[in-house]
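A quick write-up on the structure given underneath.
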Amino acid sequence: MINQNNHDEIDNRTDRIRVALVDDQAMFRAGIRMLVTSQSDLEFVGEASNGAEAVSAAARWRADVILMDIRMPMLDGIDATRQILTEADSRDARPRVIVLTTFDLDEAATRAIAAGASGFLLKDAEPEFLLAAIRTVHAGNAVIAASATMQLFEQFVPPATHVEPAAFRELTAREKEIFLLASRGLSNAEIAATEFLSEATVKTHISRILAKLSLRDRVQLVVFAFEHGLTG
């Protein structure tokens, strides 16, 4: 089942965050739809009941944020996330994906993050927390701390073989130092204290590192580090 709102109306509301939902439970979709449409800064642009429908509809939705259930028939949320992000026209056009899970420590959620999701939420999260998460990922941040991401990967993903990517070799010595600290989950303030830098300088370095490595956020930086054995 795919539902799509009137795009002419949506196009006239470019200031709104465009949100889509993928979940196989009709009642859950109805509740989320009502919650999102109740917010003046959000626009509900479509829904699907499984990953295959989501992949086929993603280009039409042009969503900024997709709420994606992990366990669904036909195509699960992990593969759907990977396909949607891969098939997006450009890096800037890729939606942010928040995966939804019923388990706090979930191996599937870890794999979804590795596939490109910007984090995960429990399906029983408070409505205010869900709305805050949508706004957070739209602003370019993740909804799970980098330190928590590292803990998830250490628990569920086998250690990676050290293979230094070509893009990583393009980082300066200082950027590599900051990358290593960020990959361990340190905050900007903690990195600044360790490296005797200002937080603004650290933020600038992090932005450059993400750009050079074509990463979306700090969570993806942790994933990149873990998958390439660059965690130190």
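The values are calculated or read from the model by the stated rules, or taken from the named source; none is laboratory data. Worth saying up front: this structure is predicted, and the values here are computed from it rather than measured. Ideal geometry is used to build each Cβ from the backbone, glycine not excepted, and the neighbour counts take in all protein chains shown.
Arg33 meets each of the listed conditions (1) within 15 Å of Lys123 (Cα to Cα); (2) without any contact (Cβ under 8 Å) to a residue 40 or more places away in the chain; (3) buried (at least 23 other Cβ atoms within 10 Å of the Cβ) apart from (3). Scanning region 180-232 for residues that are free of Cβ contacts under 8 Å to residues at least 12 places away in the same chain and among the charged types (D, E, K, R) yields Glu190, Glu199.
Could you identify the single residue in Arg135, Arg94, Arg174 that is in the same structural domain as Arg218 (by TED's automatic domain parsing), surrounded by fewer than 22 Cβ atoms within 10 Å (Cβ to Cβ) and among the basic types (Lys, Arg)? Of the residues listed, the single one that is in the same structural domain as Arg218 (by TED's automatic domain parsing), surrounded by fewer than 22 Cβ atoms within 10 Å (Cβ to Cβ) and among the basic types (Lys, Arg) is Arg174. Among the residues of region 36-46, those that are surrounded by 14 or more Cβ atoms within 10 Å (Cβ to Cβ) and either modelled with pLDDT under 95 or not in a strand (DSSP E or B) (or both) comprise Val36, Gln39.
Selection of region 182-205 for residues being of a type outside the set (Gly, Ala, Ser) and surrounded by 21 or more Cβ atoms within 10 Å (Cβ to Cβ) yields Ile191, Val202, His205.
For Ile209, the criteria (1) touching a Leu at 6+ places or on another chain (Cβ under 7 Å); (2) on the phi > 0 side of the Ramachandran plot hold in every case but one, which is (2). Taking region 142-171 as the range and being surrounded by fewer than 18 Cβ atoms within 10 Å (Cβ to Cβ), touching an Asp or Glu at 6+ places or on another chain (Cβ under 6 Å) and under 20 Å from Ala211 (Cβ atoms) as the test, no residue passes. Of the residues making up region 135-154, just one is assigned to a helix (DSSP H, G or I), hydrophobic (A, V, I, L, M, F, W, C) and under 10 Å from the mean Cα position of the chain (by Cα), namely Val137.
Screening the candidates Ala114, Ala109 for the property of being among the aliphatic types (A, V, I, L, M), farther than 19 Å from Ala52 by Cβ and in contact with a helix residue (DSSP H, G or I) (Cβ under 6 Å, 6 or more places away or on another chain) yields one hit, Ala114.
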